[in-house]
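The values are calculated or read from the model by the stated rules, or taken from the named source; none is laboratory data. It should be emphasised that the depicted structure is a prediction, and the values quoted were computed from it without experimental measurement. Please note: Cβ atoms are built from the backbone with ideal geometry, for glycine as well, and neighbour counts cover all protein chains shown.
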Amino acid sequence: MAPDSIARDAVRAVFTGTGTWPGALSRRQPLMGGSAGITLVGASATLLDATFELADCVEQLWSRFVPDSDITRLNWSEGRQIEVDQLTVRLIRAMQSGAELTGGDYDSTLLPDLLEAGYSASTVDPSRVTYVPLTARSPGDLAGIQINGTTVRMPRGTTLDAGGIGKGLAADLVCALAMNEGACGALAEIGGDIAVSGQGADGQAWRLGVEDPFDPAGYCAIIRLGTGALATSSQRKRRFTTTAGEHHHILDPRTHDSAATNIQTVSVIAATGARAETLTKPGFLRPTADYLAWLPTVGAAGLVVDHTGAPTASENWNRYQ
């Protein structure tokens, strides 16, 4: 895979042959270390502007590369109480739920390990570098984070990285805003995670494609989804070289290192982008057959692509085709 292809989003929307949808407004712009595309059906340009303003707002709240973001302030709080935005509270609760749901396979407190793996600088602006206190440890105590309204106290040494769940939740929030403001349908794709609601411009469920990790111009599968989310995690997307060798950004909480696996991408369909994103992580850590059998028990469907390029799906995946 060419280096410039690695940075491409692993999941994207499939558009019609003309690239435009009647009755729909679409825009794409840089966001959250990659790009974001939002499509609204039956909505105004003003509402489209508002959805991007919301997406930009959560990036400023959640990015570890923004010095005064809620996440940065929490990471340097050293056990002190910090006032945060209500959207940050929602993010932390989603992190806690994801860790519980996956039995710890998803863990947003591995930031020190992520920095050790080489992901300390922004891929968009390398001058923006993440630092953590000397007390930072990995893993942290996610369950021990105390929340009272919008006041948060994190155990000393615990740090957070919004990462993929931040993109998934941002897509959820964008769709919710659009539908609450009267849109007939909404699609938000942020950094490769897609949330959809309502109807597409053709009056049917949204048509989405899962990109082939070995051929960014092709697809492993095409699905139809009315309301819900499709998230993909890829070990080919962000790779770093340190004195200890090559690493990728998907970490194994048990080894504190990049997951040792031949799985290249894991795609999950779930009720929300935040939930789908957290459910991708066990796909890199568990035996594939066990993982794909487990997903339907938690209300999700999945597609795994290994090093040969062969896709393997959960038994309920075909419901969305």
#### Entry: Spans of strands (runs of 3 or more DSSP E) in the range 204-279 with at least 3 residues modelled with pLDDT under 90 and more than 30 Å from Val41 (Cβ to Cβ)
239-242, 245-248
### Message
Regarding the range 157-164, can at least one residue be identified that is more than 17 Å from Arg64 (Cα to Cα) and out of contact with any Cys (no Cβ under 7 Å at 6 or more places or on another chain)?
### Response
no
### Task
Evaluate the range 119-126: report whether one residue or more is among the aliphatic types (A, V, I, L, M), within 30 Å of Trp206 (Cβ to Cβ) and modelled with pLDDT under 95.
yes
### Task
Report the residue count in the range 192-203 for those that are surrounded by fewer than 24 Cβ atoms within 10 Å (Cβ to Cβ), touching a residue at least 24 places away in the same chain (Cβ under 8 Å) and not in a strand (DSSP E or B).
3
### Message
Exactly one condition in (1) within 21 Å of the chain's Cα centre (by Cα); (2) modelled with pLDDT under 95; (3) not in a strand (DSSP E or B) is false for Leu160; which is it?
### Response
(2)
### Message
Checking Leu48 against (1) touching a helix residue (DSSP H, G or I) at 6+ places or on another chain (Cβ under 7 Å); (2) among the hydrophobic types (A, V, I, L, M, F, W, C); (3) more than 23 Å from Leu115 (Cα to Cα), only one condition comes out false. Which one?
### Response
(1)
### Task
Considering every residue within the range 206-226, establish whether at least one is touching a helix residue (DSSP H, G or I) at 6+ places or on another chain (Cβ under 8 Å), surrounded by 22 or more Cβ atoms within 10 Å (Cβ to Cβ) and within 21 Å of Ala36 (Cβ to Cβ).
yes
### Message
Take the residues in the range 268-314 that are surrounded by 17 or more Cβ atoms within 10 Å (Cβ to Cβ) and of a type in the set (D, E, K, R); name whichever of them is nearest to Gly104 (Cα to Cα).
### Response
Lys281
### Query
Can you tell which of Gly17, Gly23, Gly34, Gly42 is within 20 Å of Val210 (Cα to Cα) and modelled with pLDDT of 50 or more?
Gly34
### Summary
Scanning the range 117-152 residue by residue, the ones that are buried (at least 17 other Cβ atoms within 10 Å of the Cβ), more than 18 Å from Met32 (Cα to Cα) and touching a residue at least 60 places away in the same chain (Cβ under 8 Å) total 6
### Message
For the range 290-320, which positions are modelled with pLDDT of 95 or more and of a type in the set (Gly, Ala, Ser)?
### Response
Ala293, Gly299, Ala300, Ala301, Gly302, Ala313, Ser314
### Task
Search the range 28-62 for residues being under 18 Å from Gly182 (Cβ atoms) and part of a strand (DSSP E or B), and hand back the single one that is farthest from the chain's Cα centre (by Cα).
Val41
### Task
Output the residues belonging to the range 93-116 that are among the β-branched types (Val, Ile, Thr) and crowded, with 22+ Cβ neighbours inside 10 Å.
Thr109
## Note on the structure
Given (1) surrounded by fewer than 21 Cβ atoms within 10 Å (Cβ to Cβ); (2) among the charged types (D, E, K, R); (3) free of Cβ contacts under 8 Å to residues at least 60 places away in the same chain, Asp70 misses just (1)
